[in-house]
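Asker: Got a structure for you, written out below as structure tokens; questions coming shortly.
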Amino acid sequence: MKRKRTFVLAILFIAFGLRVILAFINRQANDDHMEVINWIVNKANVPIRDNCGICYQPKFFYVISANIITFFKIQTDDHRIIAIQLFNAILGFFTILFFWKFINKQPFNDSTKLLLFAFFAFNPCLTGINIQATNDTLVILGGVMSVYFCDLFFRNITVTNFIFLMASLLVCSLTKTTGLIVFLVISVFFILKTIAQPNINQRLKLSKYFIGAILIFIGVVVFAGGYYTYYKKYKSLPTTAWNNADPPPSFFKETTFSVGFPGRPGVLNMASSFFTFRYFDMIKQPYINNEVGNYPMHRTSVWSQLYGRTAFVQFDQWPPAWQTVDSFIVFIGRVLIILGLIPLLLFLSGLCGGVFLFFKNVFKNGKTYLASENNYLHLGITFALFAASLKYSYDIRDFSAMKSIYIFPGFISFIKLIADGYASVKFRVVTKIINVGLIVIIAFSITDICYLIYHLKYNLGNIF
């Protein structure tokens, strides 16, 4: 027990330490969220969508960030960026802390738990977004906590667990519209759990909780959170700065039109974008570019983009200051892309196994299964977030819409499915191969993060 605690603390300390260092030396983000924060600080009012390119987003994160800057009286632009990045690094620490709390409950020995924890704690792309001044880290933490406390609430139905669940859902939904998807899935799960209860008193108890959740959510998120006002004015949810969706892609015919960036694919057609996985193309070139032409074919494949952008932090080649095609880091990325197939296969095994068991148990045990099991919550979260990613790529056909960070609020469910896939391996020699592969991924992921530190500090001259 003492040895396990030591390793857990070491992983947390190193993962958080890397985030803190990057938070001090980084100056750029995927999008300019500091524009909204500075607007609130400097003008003492909250901007509307028309005021700036990123101003369409819900304002919860920006108001909190503005208050941090105001409280500490931070004046310079660089110091403001560092302050918000440190705030996000702290949120990232709590995100991986919840990873451990969930993994520690899984039926594995301590070595396996620590291996899985290190694999997720050192994910390069999660680390990369945790140190940018954006609202993504807060919505990821909110989603992780929502799924964690939903699972906990239905294992131990108490007022305390319900309060934590609602607080998590509110944070997630007030930060970004991804929270609405998480809330919808949990609501369906809540309804199924309530209907499936064999005891009338238990059904009434859960019904009261659910009605309370709906009323709180409508009051705080829909009205106080600005969703109703936004929809009334713009006839849409705050999901994009662009007023109109792109023309729908054909199934086979290739077209490159994009409202945001005309001619820059993205989704060429549904067949090549939604039904391909360009694994070898990613190995050949483990990064994308921003050009209209001369781009790798994996840039037009949604599943390839989600995979590459999760495995390798330089895969995006964005923000601009992060761009590098140095042969060393390209080699690191190539290894991460190759070995990333191991957790992907574990994930698919857990996903397919989960779907099979769900239908088998529903047909065999009906309501008894729905009332007693929580595993189908993770299937719902996974399918909903993937479906949302496909829909967003369908509407906004530029490749910038294919970001894996959009599905990161479902990390707890992804952990569960990978853990289930790992548990389904029956041959010891295969388990050993998987363990070695995960250890190499962890080592190369840490190298990937450390290289980013080196690149930003020494190549661009940022100091901390």
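The values are calculated or read from the model by the stated rules, or taken from the named source; none is laboratory data. Values in this document were obtained by computation on a predicted structure and should not be read as measured data. Please note: Cβ atoms are built from the backbone with ideal geometry, for glycine as well, and neighbour counts cover all protein chains shown. Ligands, DNA and RNA are excluded from the accessible area calculation, which covers all protein heavy atoms including side chains. Shrake-Rupley method; radii C 1.70, N 1.55, O 1.52, S 1.80 Å.
Asker: Please compute the per residue accessible area over the stretch 349-410 with all protein chains in place, 1.4 Å probe, rounded to a whole number of Å². Display every interim value, and only then the final one.
Answerer: Values: 2550 Å² over 62 residues.
With the other protein chains kept in place, the stretch 349-410 gives 41 Å² per residue.
Asker: Right, something else. Sort out for me the Cα centre separation of the stretch 125-164 from the stretch 262-297, rounded to whole Å.
Answerer: With the stretch 125-164 and the stretch 262-297 each reduced to a Cα centre, they are spaced 32 Å.
Asker: May I ask you to work out the translational diffusion coefficient for the stretch 256-354 at 4 °C, viscosity 1.567 mPa s, via Stokes-Einstein with Rh from the Kirkwood sum over Cα pairs, reported in whole µm²/s? Walk me through the intermediate numbers first.
Answerer: Working: Rh = 14.3 Å.
Result for D is 91 µm²/s.
Asker: Shifting gears a bit: Can you tell me how the stretch 101-199 classifies by the Cα gyration tensor, rounded, prolate or oblate, using a/c under 1.5 as the rounded cut? If you can, show how the numbers build up before the last one.
Answerer: Working: a/c = 2.51, a/b = 1.22, b/c = 2.06.
Oblate, because a/c is 1.5 or more while a/b does not exceed b/c.
Asker: Which of the peptides 37-49, 356-368 is most tightly packed, and how do the rest follow, judged by the mean count of other Cβ atoms within 10 Å per residue? Intermediate values should be presented prior to the final figure.
Answerer: Values: 37-49: 15.5, 356-368: 12.8.
Highest mean packing first, the order is 37-49, 356-368.
Asker: Nearest 500 deg cm²/dmol is fine: what mean residue ellipticity at 222 nm does the chain get from its DSSP H runs of n ≥ 4 alone, each adding -39,500 (n - 2.57), divided by its residue count? Could you put the intermediate results ahead of the total?
Answerer: Numbers: 20 runs with 298 residues, N = 464.
Result for the chain, helices only: -21000 deg cm²/dmol.
Asker: How would the stretch 381-452 be classified by its alpha-carbon gyration tensor: rounded, prolate or oblate, with rounded meaning a/c under 1.5 and the a/b versus b/c comparison settling the rest? Provide the component values of the computation, followed by the final result.
Answerer: Numbers: a/c = 3.02, a/b = 1.51, b/c = 2.00.
Taking the square roots of the gyration eigenvalues as a ≥ b ≥ c, the stretch 381-452 is oblate.
Asker: Cα extents of the stretch 342-425 along the three principal axes, largest first, in whole Å?
Answerer: Principal extents (largest minus smallest coordinate, Cα): 45, 28, 17 Å.
Asker: Tabulate in residue order the Karplus-calculated ³J(HN,Hα) for the stretch 84-96, using 6.51 cos²θ - 1.76 cosθ + 1.60 with θ = phi - 60°, rounded to whole Hz; enter x for Gly and Pro.
Answerer: Using θ = phi - 60°, the values come out as 6, 5, 5, 4, 5, 4, 5, 4, x, 4, 5, 4, 6 Hz.
Asker: With the full set of protein chains in place, find how many percent of the accessible area of the chain is carbon and sulfur; take the probe as 1.4 Å. Before the final figure, lay out each step's value.
Answerer: Details: 13750 of 20420 Å².
The C+S portion of the solvent-accessible surface of the chain is 67 percent.
Asker: So what are the ³J(HN,Hα) numbers for the stretch 35-40, from phi and the Karplus equation (6.51, -1.76, 1.60; θ = phi - 60°), rounded to whole Hz, Gly and Pro as x?
Answerer: So the Karplus estimates, Gly and Pro as x, are 4, 5, 4, 5, 4, 5 Hz.
Asker: Can I ask one more? I'd like the Karplus ³J(HN,Hα) series for the stretch 325-335: coefficients 6.51, -1.76, 1.60, θ = phi - 60°, whole numbers in Hz, and an x wherever there's a Gly or Pro.
Answerer: 10, 3, 4, 5, 6, 5, 4, 4, x, 4, 5
Asker: For the stretch 1-134, build the convex hull from the C-alpha positions and give me its volume per residue in Å³.
Answerer: Numbers: hull volume 15.1 nm³, N = 134.
Per-residue hull volume (Cα only) is 113 Å³.
Asker: Starting from a Cα-only point model with no solvent, please compute log10 I(q)/I(0) by Debye for the chain at q = 0.09 1/Å.
Answerer: Taken in order of the listed q values, log10 I(q)/I(0) reads -0.61.
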